[in-house]
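First the structure, in the form of structure tokens, and then the observations on it.
The values are calculated or read from the model by the stated rules, or taken from the named source; none is laboratory data. Bear in mind the structure is a predicted one, so any value in this text is a computation, not a measurement. In this analysis, Cβ positions are derived from the backbone assuming ideal geometry, glycine residues included, and neighbour counts consider all displayed protein chains. Remember, those area values only see protein heavy atoms, side chains included, never the ligands or the DNA or RNA. Shrake-Rupley method; radii C 1.70, N 1.55, O 1.52, S 1.80 Å.
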Amino acid sequence: MTIGLALIMSLTGCRVNSGTDVDVHSEPEFKAKAVSGKPVVVIIIDSLMNKPLQEALEQDRVPALKYLIDHGRYYPRIISSFPTMSVTIDSTLLTGVYADRHHVPGLVWYSDRERRMIFYGNGPKEALKIDQLQVLTDSVYQMNQVQLSKKVKTIHEELAESGKHSASINAVIFRGKKERDLRVPKSMANTTRLPDHYKITAPELFSLAAFAHLDPRNANHTALWEKYGMNDKFTARDIAFLVKNGKLPEVTIGYFPGNDSVHHRKGSMATKGIERADRALRDVLDAYGSWEEAVKTTTWIILGDSAQSDVLENREEFKVDLRPLLNGYRIAKLDRPVGQDDQIVIAANERMAYIYAISPGLKLSGIVKGLQTEAKLDIIAVKRDHSVALTGGGKGENVLSYRPGGPYSDEYGQKWSLSGDPGLADISLRGHRIKYGQYPDVLARLYGALHSHEGQYIVVTVKPGYELAGESSPTHRGGGAHGSLHEVDSVVPLIVTGTDLQPKSPRIVDLKDWILRIAGDR
């Protein structure tokens with residue numbers, strides 16, 4: 001998933017093609033000095049997966065990634081966050097907690113407090129029905145400055161508090177300690193109701209597509225056909241610029257978005273997006289003068305955020321429309337504000353969805369029963385105070401109830417109380433030991449989503465091969481999609497070069513602490 005900056009700008013008639021229209025830093029103020037130890041560069045390649053990466057490696061199409069693997073370690077199975085959508089996953093990576101604590105629930109969700117839908121950018125059909133200027137405000141300002149919980153700290157914030165420096169390069173989650181103005185392109189601010197800038201807190205070194213950059217050359221690479229700078233090359237140029245100027249801080253976090261759209265179009269085994277990411281990575285390594293120098297002087301961490309699973313090509317089969325399952329309820333429409341007469345709000349995130357009961361007195365149990373009639377639904381879950389009740393499509397009356405704390409322990413050292421049918425979550429029990437099956441770390445990840453924000457709602461996911469749909473939500477027939485708890489959406493690879501330290505567990509939620517330890521902040 002890439003936040004919808006390019007889509008938003010194109011729909012509002014904006015053209016960003018020169019340094020006069022963007023927040024240009026022709027002579028960037030680099031207050032962050034080069035670190036005495038080895039800097040850490042973290043690059044997130046959206047939807048990077050083990051199988052297509054192995055295919056590209058075997059065909060010798062990704063020399064930069066191969067070089068880093070050959071000179072480091074490779075972890076093929078790192079567990080993502082949930083929902084498996086980039087904004088939620090990157091929030092987990094940057095804060096080291098799941099959604100119940102960082103409070104970024106998904107790409108699409110409903111705020112009960114504000115009584116409105118939150119979109120961070122989604123498909124073109126939805127874009128025609130929703131307020132795109134609000135989407136822009138939510139994605140570049142509200143998500144980081146308001147909705148991401150202030151009770152948790154990002155990697156950037158913790159480093160700043162320790163007197164260390166960091167950089168965020170095109171990353172969607174970037175909150176830091178340095179106050180700055182994020183300039184809206186002039187052609188956009190002059191023709192819309194948007195302000196000319198947003199006041200944000202970010203790392204000392206910061207870039208974000210057409211809004212801010214480090215390398216002056218990037219002012220000329222924010223055109224429509226370059227997705228306004230939200231592309232791999234833009235990210236690579238800014239990281240390489242720091243390298244060439246000897247200004248890499250303790251930690252740099254960069255985002256390569258391009259691979260995601262390739263998998264959405266071509267399916268899970270497409271390699272063109274990985275090959276393009278590798279070409280951008282080569283530009284970064286070349287900035288050192290030699291790749292040997294790159295791995296000698298810098299610690300490299302390359303990882304995916306979520307996987308993508310293949311969606312059926314059959315037009316009649318691939319999509320599970322939630323609206324007929326909610327027949328009889330008044331479902332809120334996208335093209336108007338949520339009204340007093342509306343009973344249900346659907347927030348579809350590809351292969352998962354939040355279904356909200358917003359009408360007083362409306363019981364979730366009745367909605368769950370209607371959903372259970374669809375056998376293509378995988379997991380259906382609701383929160384009950386501090387516990388979770390889980391069932392599935394076509395599962396009859398079977399229920400698994402669980403809550404944190406208790407006699408059962410999983411492989412990550414988490415304690416749980418369980419009652420009912422653990423097979424619903426593909427959990428096997430050996431005494432008081434929990435073993436996860438096709439839903440890795442399902443108890444913690446699902447609990448996080450169900451306690452991620454206020455309101456009365458249900459979490460539903462769909463079985464492999466299918467995609468959920470509400471009104472005008474994007475679908476990917478014959479391509480790839482993600483969002484669910486299933487391992488086909490949840491397992492990503494990790495490449496690390498330049499350190500012997502290892503994460504506490506192979507989960508994205510445990511990588512923040514590991515990155516800070518590598519950077520000498522633990």
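Odds and ends about this structure:
- For residue 150, the solvent-accessible surface with a 1.4 Å probe is about 140 Å², rounded to the nearest 10.
- Largest to smallest in accessible area, the residues 477, 430 fall in the order 430, 477 (1.4 Å probe, all protein chains included).
- Heavy atoms of residue 103: accessible area, 1.4 Å probe, square angstrom to 10: 70 Å²
- For residue 485, neighbours were defined as the other residues whose beta-carbon sits under 13 Å from its Cβ, and their charges (Lys and Arg +1, Asp and Glu -1) total -3.
- Gap separating the Cα centres of region 302-362 and region 466-482, nearest whole Å: 11 Å
- Dimensions of the chain along the principal axes, based on C-alpha atoms and rounded to the nearest Å, stand at 64, 57, 44, largest first.
- Normalised per residue, the accessible area of the chain is 38 Å², obtained with a 1.4 Å probe and no contribution from ligands, DNA or RNA.
- Relative contact order (%) - criterion: Cα under 8 Å, at least six apart; region: the chain: 25 percent
- Helical contribution to [θ] at 222 nm, DSSP H n ≥ 4, -39,500 (n - 2.57), averaged over the chain, rounded to 500: -6500 deg cm²/dmol
- Seen from residue 151, the other residues with C-beta closer than 13 Å to its C-beta sum to a net charge of +2, counting Lys and Arg as +1 and Asp and Glu as -1.
- Taking other residues whose beta carbon is less than 13 angstrom from the beta carbon of residue 372, and scoring Lys, Arg as +1 and Asp, Glu as -1, yields 0.
- Sulfur and carbon atoms: percent of accessible area, the chain [1.4 Å]: 47 percent
- Residues whose amide H falls under 5 Å from that of residue 116, counting only those 5 or more places apart or on a different chain, are 111, with hydrogens built in the peptide plane.
- Rounded to the nearest 20, the Cβ-based charge dipole of region 299-338 about its Cα centre (Lys and Arg +1, Asp and Glu -1) stands at 420 debye.
- Protein-only accessible surface at a 1.4 angstrom probe places the residues 143, 269 in the order 269, 143, largest first.
- Nearest-10 value in Å² for the accessible area of residue 415, using the 1.4 Å probe: 110 Å²
- Phi to ³J(HN,Hα) by Karplus 6.51 cos²θ - 1.76 cosθ + 1.60 over region 473-481, Hz, x for Gly, Pro: 5, x, 10, 9, 4, x, x, x, 8
- Mean separation of Cα contacts under 8 Å, 6 or more apart, over the residue count of region 376-522: relative contact order %: 18 percent
- Taking all protein chains together, 116, 433 sort by accessible area into 433, 116, largest first [probe 1.4 Å].
- Region 412-476, relative contact order in percent, only Cα pairs under 8 angstrom and at least six apart counted: 14 percent
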